[in-house]
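Here's the structure we're looking at; comments come further down.
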Amino acid sequence: MRRLFRSCERFGVEYLLISGQATVLYGAATFSEDVDLWLRPSPGNARRLLRALAACDARVHKLTPPLAPRFMRAGHGFHFHVARADDLYLDVMASPPRVGMFREAARRSVVMNTPWGRIPVVGIEDLVELKKTRRLFDYEVITNLARIRLLSEPSPSAALLRWAARNSFRAEQRASLLGELGVDTTVDECRKRIAVELVRLQKRDTRYWSRRLAERRRLRRQGLLIPQGTPARDLVR
Amino acid sequence: MYNCVMAAHRRKLRPRRKLSFELDMPDEPYLAAWRALTPAQRLIRSWRMRRRLKNIQAIHDAKTFPEL
């Protein structure tokens, strides 16, 4: 793993660590089986990533389109397998959903010391938006992130309390936070509201990925995806 | 307590409140202990857990390529 991140550093890849491993680093989750990166969406940066992956003997995994601007802008995922880095499955996105531009997210990011080196990790607020997926478990993680963000402020502002309440998907936590803000509500009312929000958020994420997976299956039928198992070094020009 | 938020996010404003309730849930003692570790320590332990998985590809693919 260290080799992968050192390789990214050596080739000057601009990225942010997102999703599962980011939540582990913040302390909001205890486990994630893969690594997800948000790549700055430029052709030059994509080439640098491919060189970094080639240096680690990475291979293309499933349903991966070329790392071309058109597919990066469309919000597709690019999937790689790095057998020599702990059998790692690496998922890369250049335009992930719900989080705006890479440039702004990079300003809000945090560099953390890890066993894999010093790694830029997406900021908590952006990570919360990224985790609003169709998976119910992710909302427990979001609730933990909101808690962690609050605990990092000795005296949280009203704005932060409102943000934390909006991103608490455990009814008791949301009701307590709204109570701090002077909002008259009950745990039961929060529970009902959260249930409605979860359905909306899950449907939104399902729609997002349904379209992209359908496009990738179409690209596969047209022979336009990179064949699974292609070494990354074959993609480096 | 490890603080993972950039110092630039903090602003000097008028005195603000402290929370009047405990954020940590009584049924989740492990989370507070987990947060007390450094990010590096968490990553090492998490990666050790990962090595116990029998079929990482199956888990990854089920999550990443669902039948939607």
Farthest toward positive dipole pole in the range A:169-231 [+1 Lys/Arg, -1 Asp/Glu at C-beta], among A:Ser210, A:Leu178, A:Gly223: A:Gly223
Full-extension gain in nm, A:Asp184 to A:Arg162, via 0.36 nm per residue minus C-alpha separation: 6.5 nm
Estimated distance in nm for a label pair at B:Arg52 and B:Ala36, the labels positioned 7 Å out from Cα along Cα-to-Cβ: 2.1
Virtual paramagnetic centre 7 Å along Cα→Cβ of A:Val236, amide N under 11 Å, in the range A:32-56: A:48-56
Shielding by partners - mean other protein chain Cβ count within 10 Å, residues of A:197-210: 1
For A:Pro41, net neighbour charge (Lys/Arg +1, Asp/Glu -1) across residues whose Cβ lies under 12 Å away: +3
Loss of accessible area when A meets B, both sides summed, Å² nearest 100, probe 1.4 Å: 5000
Under-5 Å amide H pairs with A:Met112, H placed in peptide plane, nonlocal only: A:Ile119, A:Val121
Accessible area per residue in Å² at 1.4 Å probe, computed on chain A: 42
Alpha carbon centroid spacing (whole Å) that separates the range A:186-237 from the range A:125-174: 22
Listed residues A:Ser42, A:Ser152, A:Ser210, most fluctuating in chain A (Gaussian network, C-alpha, under 10 Å): A:Ser152
Choice from A:Ala195, A:Ala164, A:Ala52 with maximal GNM fluctuation in chain A (Cα, 10 Å cutoff): A:Ala195
Accessible surface, 1.4 Å probe, highest first, among residues A:Arg166, A:Arg47, A:Arg237: A:Arg237, A:Arg166, A:Arg47
Cα-based Lys proximity count in the protein assembly as shown, under 22 Å, for pairs eight or more positions apart or on separate chains: 11
About the Cα centre, charge dipole magnitude for the range A:4-70 (Lys/Arg +1, Asp/Glu -1 at Cβ), debye: 380
Segment A:Glu104-A:Ala74, extension gain: residue separation times 0.36 nm, minus the distance between their alpha carbons: 8.9 nm
Interchain or long-range residues, amide H under 5 Å from A:Glu153's placed H: none
For the range A:232-237, 3J(HN,Hα) per residue [Karplus equation, 6.51 cos²θ - 1.76 cosθ + 1.60, θ = phi - 60°, Hz, x = Gly/Pro]: 4, 5, 6, 9, 7, 9
For A:Gln222, net neighbour charge (Lys/Arg +1, Asp/Glu -1) across residues whose Cβ lies under 11 Å away: +4
Charge-dipole axis of the protein assembly as shown as Lys and Arg at +1 and Asp and Glu at -1 on Cβ define it, positive-most pick from B:Asn55, B:Ile44, A:Pro41: A:Pro41
Inter-label distance, nm, simple model (7 Å from Cα along the C-beta direction), A:Lys192/A:Arg218: 4.2
The protein assembly as shown, dipole about Cα centre (Lys/Arg Cβ +1, Asp/Glu Cβ -1), debye to the nearest 20: 1020
Listed residues A:Met72, A:Met101, A:Met93, most fluctuating in chain A (Gaussian network, C-alpha, under 10 Å): A:Met101
Inter-site label distance for A:Glu9 and A:Arg204 at 7 Å from Cα along Cβ, in nm: 3.6
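The values are calculated or read from the model by the stated rules, or taken from the named source; none is laboratory data. What you see is a predicted model; the values in this text were computed from it and never measured. Glycine gets a Cβ as well: all are built from the backbone with ideal geometry, and neighbour counts include every protein chain shown. Protein only, heavy atoms only, side chains kept; ligands, DNA and RNA dropped before computing areas. Shrake-Rupley method; radii C 1.70, N 1.55, O 1.52, S 1.80 Å.
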